[in-house]
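So the structure is just underneath, and the comments pick up after that.
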Amino acid sequence: MNASARANEWLTAVTWRRLLRDRPIVPLMGLLAILVLVIELADPGIVSPEWTGVIVRASVPLAILAGCQTLTMLTGGIDLSVAAIGSMAGFVTATLVHSPGGVAEGIIVALAAAALAGLLTGIGVGVFRVHPLIMTLGMSFVVLGLSNVWQLQMVQTGAGVPDSLRWIGSSTLAQVVPYNLLVFIPLTLLILLGLRRTGYGRLLYAIGDNPVAARLSGTRAWQVLIVLYVISAVMAAIAGLLISGLTNTASVSLVDTSLLPAVAAAVIGGTSILGGRGGFGGTIVGALILTVLTALLTVLGLPEPTRQVVFGSIIVVVAAAYTRVTSES
Amino acid sequence: MTATATGLLLEATDVSKTYGAVVALKAASLAVRPGEVHALMGANGAGKSTLVKILTGAVHPDSGRIAVRGRERTVHSPGEARRGGLVSVYQEPSLIPDLDIRANLRLTDTPLEPFRHWLTQLGIENLDLSSMARRLPLATLRIVDLARALAIEPDVLMLDEMTAALPANLTQRVLEAVASHRGGDRSIIFISHRLIEIASVCDRATVLREGETVGVVDVTPGSEERIIELMLGQIAGEMPAVAGRTAAHRASVTTPRISVRGLASGTKLQDVSFELHPGEVLGVVALEGQGQDELFDILAGSQRPSSGELLVDGSAASFRHPADAIRAGLVYVAADRAEALLMQRSVRENIALPFTTRVRRWGLIDLRAERETVDAAVSRLQIDARAGNEVRRLSGGNQQKVTIARWVAGGVRTMLCFDPTRGIDIRTKQQIYLLLRDLAEAGAAVLLYTSELKEVQLVCDRAIVIFGGRVVEEISGTDADEATLLRAAYHLRSDAAMPEAVAAETVAAETVAAETVAPRASDAANGPGAEAAPPEQADPETSR
Ligand SMILES: Nc1ncnc2c1ncn2[C@@H]1O[C@H](COP(=O)(O)OP(=O)(O)OP(=O)(O)O)[C@@H](O)[C@H]1O
Ligand SMILES: [Mg+2]
């Protein structure tokens, strides 16, 4: 292929389709840039380093929750328990703030509880073959119920979001760089590396692409799935802690409003809900897009119902575009 | 080409199609006369399937003209092509797995009566139309695909490797159905890598090489050489021959790699016993549905036997999962590549998949070592991996090679191959025969089920014949000519006369290609071959 032929090819619609399918992150970045441009036009001067910091800070927990969806969706699953688990984590930590072990104890208990929930989900999905949608939905009710029980137990002791969580969840360096990146960047590197360079990552894609082929090649899917849902639950707990720090709130339904945006961010980011296709890079951009979109709709001063309609429509349009593109052979 | 534009049923001129950097077709032309069976030949990746997809509107060409009965046409979709009289049976089964057969037929407006008629003609009588497509074996799916196409009575019917997944008896029915179209006013475009089939049913052949039409040949006795030469761009004689087998140096001295005793499962597999030794290639020969699928599934760990014993290297083994079989060194080249491949993943990931399945291999991958191993396997099997970032974009034959490469890459102790050369072109087939022999020389044990009977004599040290779920005969590789194998496969005693049709076909085929063709199962069913009934009905007394 010489350079001019390449250049010509670049212009065809087919190439764009391919690009959108093989490297979804490039057109997504374009979409993100357009949204930023529009918001700047709608409210000149709004885009600034500080504004960017606010957007990033809000996107981080969403991106982590969307990461849970990405990982599970790669295997053809989904994790609807992230909201309940994330809320539970923030809530448990807040109630344990005056315990002898302090914040550390709270966080450890929260993460352990999350991991336990993930383990049970993983066993349900991997060993008993319950559909992930049902299993995680069921698990979210279980976790919510237990959180409520916990709430009644702990009603005596004082509770409050610990300062350290507030710091990492909401503070920024020089009014620009949010500290939650201290959690997010290592986590992201771990996920990207895990998906691209490890045997485990390969198996996630393999199971989602063709479970029969994965099995015939010697993959024991249950092992992979159990680990997967534990990872997803722990990530959900981390996101919950960050959200609790960001909003300085702890409640058993804190993360609920982020659940569907998290699924949407993963889908917009190019992860196929049918499994086998996608990645975390696109998901991060998807989360940024949704956050900017929310900001834009707020700036435009649209009434809440209209905002929801626009928000939903955009998700549907992007998802439909993917379906068209990826079904082309 | 040479034919005048008038009088042609279908004419495609200078068709081209590029996918990114991959040129699938560059200047393909094809002219089909009414009433002929026209072969479309070419090595793996030559562009045959792409051309068929373009003719039926499933893929849109970059350039080129298509004319039907002299009138130029643009075909936008397979549905439109169907209404215009062009129908294809594609290389991969095109039934929707989660619908039953009846619903699938409705999708293509297939009339039910003719469909049933053709199904019977093709040798599948008791198909339950309400069974889910995904539950049917591959061979049946192919026949259903074909019957569906025949029922529509298209002007031009295109068969893309229709016979590749079929055992001898069904292949014969298909060839009969194809031959019955000769001389009428409708035509067939026939794609197959088996020259014997081309010789027996085709009138002319168009040969593609690297996306270009390089010649049109009248199929006559002796034209095979010419076709191969055109296909490969080299003289046929230069193809590497399969090395002579070294004498059987095994048997009593070594512990058998696998020893199977009285294996049974369900109604299909009744009682199979054999031994497979290191250093040998053991052939398995059987007609459709004699229990060979179950046997391979059990050995590969996908299914558990209802009774019987399996010893691996002398000790009892029981597999609950394919991973157990793999750990014991038994790797399985599956019958259906759609079951074996991750279609959206790269060639590399597909080949490397077995490397990372065990928990202790879940960590970081040594990418460089992996690349070396994968590249070695890719070149050993001559996989054209230009479109290799997604396996589904490879040509059918190249996909098939990936399923073999996966196991060869990791080093083989025992390989279970179910029709491994399905859809692979003649040159690469030779390479695979060599590969299997090399593996055996290096001490591996290979169990090879093949529906292409001549492979047995080419690569196997000996062969077992399964009929009605039992091993009915063992034949040494040197004696395993097609006639003998067929006789055994139909469970005819060697002194019994072959059914007339078998004999007739044999003579006819020998004059064309010095090879034999499968017998007509329809006649066999009335003659002494009546034993070729499904195993459930087979009289257990007739089997040893
Ligand atoms: N969707 C696609 N994307 C990229 N390349 C493709 C695609 N489909 C086909 N090709 C390429 O086009 C070439 C021709 O493929 P085609 O399937 O027509 O071969 P074929 O002659 O049918 O081979 P076989 O005998 O193996 O079935 C191959 O190199 C293949 O990789
Ligand atoms: Mg093909």
Handout entry: Meets criteria (of a type in the set (Ser, Thr, Tyr), surrounded by fewer than 21 Cβ atoms within 10 Å (Cβ to Cβ), closer than 25 Å to A:ILE226 by Cα and within 14 Å of chain A (Cβ to nearest Cβ)) for B:SER346
Key = no
Fill in the blank from the handout: Within segment B:199-212, restricting to residues that are assigned to a strand (DSSP E or B) and open to solvent by less than 30 Å² (accessible area, probe 1.4 Å), the one that is farthest from B:VAL178 (Cα to Cα) is B:LEU208
Fill in the blank from the handout: Selection from segment B:330-343 of residues open to solvent by 10 Å² or more (accessible area, probe 1.4 Å), assigned to a loop (DSSP other than H, G, I, E, B) and at the interface with chain A (Cβ under 7 Å from one of its Cβ atoms) yields B:MET343
Handout entry: Test: residue in segment A:181-198 that is of a type in the set (D, E, K, R), crowded, with 16+ Cβ neighbours inside 10 Å and out of contact with any Asp or Glu (no Cβ under 7 Å at 6 or more places or on another chain)
Key = no
Exercise for the section: Of the conditions (1) in contact with a helix residue (DSSP H, G or I) (Cβ under 6 Å, 6 or more places away or on another chain); (2) more than 30 Å from A:VAL177 (Cβ to Cβ); (3) modelled with pLDDT of 95 or more; (4) not hydrophobic (A, V, I, L, M, F, W, C), A:GLY276 clears all except one; give me its number. Expected result: (3)
Fill in the blank from the handout: Screening B:ARG337, B:ARG392, B:ARG386 for residues that are touching a strand residue (DSSP E or B) at 6+ places or on another chain (Cβ under 7 Å), within 16 Å of ligand 2 (Cβ to nearest atom) and either at pLDDT 95 or above or under 30 Å from B:VAL22 (Cα atoms) (or both) leaves only B:ARG386
Exercise for the section: Could you identify the single residue in B:ALA12, B:ALA28 that is surrounded by 21 or more Cβ atoms within 10 Å (Cβ to Cβ) and near ligand 1 (Cβ under 10 Å from one of its atoms)? Expected result: B:ALA28
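Can you name the helices (runs of 4 or more DSSP H) wholly within segment A:62-173 that have at least 2 residues being open to solvent by 60 Å² or more (accessible area, probe 1.4 Å) and within 14 Å of A:ILE231 (Cα to Cα)? Give the steps one after another, and end with the answer.
On the way: elements: A:82-95, A:102-126, A:132-153, A:163-170.
Because the criterion is at least 2 residues that are open to solvent by 60 Å² or more (accessible area, probe 1.4 Å) and within 14 Å of A:ILE231 (Cα to Cα), the helices (runs of 4 or more DSSP H) in segment A:62-173 that meet it are A:102-126.
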Completion exercise
Apart from one, (1) at pLDDT 90 or above; (2) β-branched (Val, Ile, Thr); (3) under 30 Å from A:ALA214 (Cβ atoms) all hold for A:ILE243; the odd one out is (3)
Practice task
Tell me, please, whether a residue that is buried (at least 22 other Cβ atoms within 10 Å of the Cβ) and within 13 Å of chain A (Cβ to nearest Cβ) can be found in segment B:272-288.
Solution key: no
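Tell me the strands (runs of 3 or more DSSP E) entirely within segment B:26-88 that contain at least 2 residues that are more than 12 Å from ligand 2 (Cβ to nearest atom) and in contact with a Leu (Cβ under 9 Å, 6 or more places away or on another chain).
Values: elements: B:37-41, B:63-68, B:71-73.
It comes to B:63-68.
Consider segment A:199-213. How many of its residues are touching a helix residue (DSSP H, G or I) at 6+ places or on another chain (Cβ under 8 Å) and within 7 Å of another protein chain (Cβ to nearest Cβ)?
First, pick out the residues of segment A:199-213 that are touching a helix residue (DSSP H, G or I) at 6+ places or on another chain (Cβ under 8 Å): A:199-208, A:210-213.
In the following step, the residues that additionally are within 7 Å of another protein chain (Cβ to nearest Cβ) were identified as A:199-200, A:202-203, A:205-206, A:210, A:212-213.
Residues that pass the stated criteria total 9.
Is there a residue being open to solvent by 30 Å² or more (accessible area, probe 1.4 Å), within 22 Å of B:SER346 (Cα to Cα) and within 14 Å of chain B (Cβ to nearest Cβ) anywhere in segment A:227-248? Lay out the reasoning, then the answer.
Filtering segment A:227-248 down to residues open to solvent by 30 Å² or more (accessible area, probe 1.4 Å) leaves A:227, A:230-231, A:234, A:238, A:246-248.
Then drop every residue that is not within 22 Å of B:SER346 (Cα to Cα), which leaves none.
No - not one qualifying residue is present in segment A:227-248.
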Exercise for the section: Take segment A:222-248 and flag every residue that is closer than 21 Å to A:THR294 by Cα and of a type in the set (Val, Ile, Thr). Expected result: A:ILE243, A:THR247
Handout entry: Cross-chain or 6+ apart pairs with Cβ under 6 Å, segment B:109-126 first and closer than 23 Å to B:PRO78 by Cβ, then among the β-branched types (Val, Ile, Thr) and surrounded by 15 or more Cβ atoms within 10 Å (Cβ to Cβ)
Key = B:LEU122/B:ILE143
Handout entry: Single unsatisfied condition, B:ALA377 versus (1) more than 10 Å from chain A (Cβ to nearest Cβ); (2) of a type outside the set (Asp, Glu); (3) open to solvent by less than 20 Å² (accessible area, probe 1.4 Å); (4) assigned to a loop (DSSP other than H, G, I, E, B)
Key = (4)
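The values are calculated or read from the model by the stated rules, or taken from the named source; none is laboratory data. On a predicted model such as this, the values are computed, not experimentally measured, just so you know. Methodologically, a virtual Cβ is constructed for each residue, glycine included, from the backbone with ideal geometry; neighbour enumeration extends over all protein chains shown. The accessibility values were calculated without ligands, DNA or RNA, using every heavy atom of the protein model including side chains. Shrake-Rupley method; radii C 1.70, N 1.55, O 1.52, S 1.80 Å.
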